């Protein structure tokens, strides 16, 4: 028994009012489905049913797209950038005012620890709206018109499909730039995490956003497919698996639709022997155990210089024993629940394969709750690049440890993946950071930190991690045209 | 330990500069993260009592008098006259000349008497003076010595000089206090003057190499005094030292810790960085004066359910 046990410190659920059932948010109001069905969304930490949600059918999606079209051709399309910016500022402030409510709801529906939803997801979501609010009246000065001289103009209706790992944050990554540039949106949240998007719909009402500018249709893959393939959608923005991303790319091939795809990753977190070792260990932990490893840019492959590997692994294991796994609403929880039974099954399958392929498994000793979907933070040592665990995205709290001897070998191993979303470098030598960053084929390279996000910084991948950038000035490009009027 | 035949400044420098660096941004973020732990109800009650028992109740003013020290000693023994279950503090910390007063006031109890020596707080005196200063305190009955390192020597790279001074004071401490047992030596790094975290780590290791029983952040006379990240780095040092040598060394965070909330953060850092073994007055101390009363107010609040007020705890 430890001397200093932290007593339970649960955040109150009372701040959130979850309705028993939700319709679809179309044309500025919650409406009943015409041809859809319903499904239940559960809390992954307890398997408790939180609410019944609508699975939008074909007619529903059509209605949502037409509502977005009408808003684009109507009041929203005629607004000046400055006026659009005011709405975005208003939404940003409302997200801050209702931050606690959003944080609790996010942790309930997604399973992530409250400290993450409270300190990362919700503040960053608000920051994205603030940042893009500032761009709304400055688009002509964003350097988007190179070559054509034409002012940037919106594309029209954007169909957006987002994942379950950062539900509200991914929503804001999608909606904020779309609205700042003058587009209208139909967004489909992931089927396991629809609730914060539906609460966001209330914020849109509260902000008096014109009807149809933001529409939220809930549902699973089929709803997403209908949205993406709808002929009156002008642009598709998707964050999710590479498999679905490829299907989307195929389905819109030959159409006039534009797409940005932010897909999977298998990032290398590279630790050199001269790294600040205690901070590097923190970076490894943050890289793969942040958000239960449900992070597309997670540092799931640790590449550690062989001469310090033993020491780093010893320190890492010691550190992992202090991670607190459990109730997402407890303010002291570091690692929450796996988002769904399906994801848990996938993690279990890949870790079993890793063991059968000869990697050595170590899991942090922790008592997992009886109900809900849980997986103890796990480290695989003795992993070789040929193992599936070193190649495939696990999307869970599972780290593979590989070693290298020279910077060139580190680069070769880091790049030896179909993905290319992110990478981390840990060294005290500045020149090595620059050399490595030049040679790593990854959209984001972090040096002596990991999983740092900022709305001013473009985010996106190389290779099968997708195309297009989100955030920063670059992120605006995906939502405007500067060519001849279509 | 250093694996060299003759200890030179060069070998010492090579060794200390071979320690892994500390990334300031990362260290600050880690400490801030630990600072968000929520310590409530039963764990808070435990932590408040533990923090009280870890205090080196301190007065280090030019205006200190016999009367002031006597009342401080009374407070140290009975922090809350209204609740005899309140633990006593770990030690009373005074200047050299007031040690006899403290020893007399605390006799028969098991509260330590700590003396600041070696020309505290600047350390700007000859070695002969520093040794005499320390011997004086021990002769008067102090059983813990809080010495300062020569920051000037450290910053100009004369590590061997710093090492030798600590080792010499350590020898004096080993000769024992008036009651015969060796005095514990706390080495004050004065991290506010070392500035960088790399320096803090090197100074911590240097002090441990030279024989410190405790490494201590600050004199309390320089701002910043103790900070959470600096204390964390020192806790990492003692943790790694034990892994390497099997010997446990204590840490004292001194100065600037005034509230229960702050103290809770330090205990969380002790718990999660160094571990259980350091959660003991023998291995972790707070050098403080005002902190005690805030802890007592919180203790009363936990027991009674409501806050009392500054008039319900004694001044000293």
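Since every read-out is calculated from the coordinates, none of them should be taken as a lab result. This one's a predicted model, so the numbers in the text were calculated from it and none came from an experiment. Cβ: placed from backbone, ideal geometry, glycine included. Neighbour counts: every protein chain shown.
For chain A, the longest principal axis of the Cα atoms and the long axis of helix A:309-320 meet at an angle of about 60 degrees. Rounded to the nearest 10 degrees, the angle from helix A:99-110 to the longest Cα principal axis of chain A is 70 degrees. Per residue, the average separation of C-alpha pairs within less than 8 Å and at least 6 apart gives segment A:164-209 a relative contact order of 46 percent.
Available extension along the chain between residue B:304 and residue B:244 is 17.0 nm, counting 0.36 nm per residue and deducting the alpha carbon span.
Looking at segment A:268-454, the DSSP beta bridges with both ends there are about 15 percent antiparallel. Ordered by the count of other Cβ atoms within 10 Å of each Cβ, fewest first, A:340, B:11 give B:11, A:340. List the residues of segment B:184-198 whose backbone N lies under 18 Å from a point placed 7 Å from the Cα of residue A:428 along the Cα-to-Cβ direction. Counting backbone N atoms under 18 Å from the label point, the list is B:194-198.
Summarising the label geometry, the points placed 7 Å from Cα in the beta-carbon direction at residue A:232 and residue B:119 lie 8.6 nm from one another.
Computed from the Cβ-Cβ distance with R0 of 56 Å, the FRET efficiency linking residue B:181 to residue A:243 stands at 0.20. Look at the alpha carbon pairs under 8 Å that are at least 6 residues apart: their mean separation over the length of segment A:268-454 gives a relative contact order of 30 percent.
Considering only B:67, B:287, B:141, the mean-square fluctuation computed in a Gaussian network model of chain B, springs between alpha carbons under 10 angstrom, is largest for B:67. Against chain A, whose longest principal axis comes from its Cα atoms, helix A:430-439 is set at around 60 degrees. Annotation: the antiparallel percentage among DSSP beta bridges lying fully within the protein assembly as shown is about 20. Once the chain from residue A:345 to residue A:145 is taken as fully extended at 0.36 nm per residue, the excess over their C-alpha distance is 67.2 nm. Anisotropy class assigned to chain B is oblate, per the alpha carbon gyration tensor with a/c at or over the 1.5 cut-off and a/b no larger than b/c. Within segment B:202-220, which residues have the backbone N less than 14 Å from the label spot 7 Å out from residue B:167 along Cα→beta-carbon, could you tell me? So the set is B:206-212. Within 10 Å of the Cβ of each residue in B:24-35, the mean number of Cβ atoms contributed by other protein chains is 4. Mean separation of Cα pairs under 8 Å and 6 or more residues apart, divided by the residue count, gives segment B:35-306 a relative contact order of 19 percent.
Computed from the C-beta positions of residue B:25 and residue A:34 and an R0 of 35 Å, the FRET efficiency is 0.05 to the nearest 0.05. Residue separation of residue B:314 and residue B:195 scaled by 0.36 nm, minus their Cα-Cα distance, works out to 39.2 nm of gained length. A helix-only calculation puts the protein assembly as shown at -12500 deg cm²/dmol for mean residue ellipticity at 222 nm, using -39500 (n - 2.57) for each DSSP H run of at least four residues, averaged over all residues. The distance linking segment B:38-52 with segment A:36-110 is 42 Å (Cα centroid to Cα centroid, whole angstrom). The calculated FRET efficiency for residue A:79 paired with residue A:452, based on their beta-carbon distance and R0 = 25 Å, is about 0.15.
Specify whether the C-alpha gyration tensor of segment A:268-454 places it in the rounded, prolate or oblate class, a ≥ b ≥ c being the square roots of the eigenvalues: rounded for a/c under 1.5, otherwise prolate if a/b is larger than b/c and oblate if not. Verdict is prolate for segment A:268-454.
Ranked by how many other Cβ atoms sit within 10 Å of their own Cβ, fewest first, the residues B:88, A:128 fall in the order B:88, A:128.
Residue order for A:76, B:283, fewest other beta carbons within 10 angstrom first, comes to B:283, A:76. Relative to a virtual label point 7 Å from the Cα of residue A:391 in the Cα→beta-carbon direction, which members of segment A:444-475 show backbone nitrogen distances below 17 Å? Under 17 Å, as judged by backbone N against the label point of residue A:391, lie A:464-465 of segment A:444-475.
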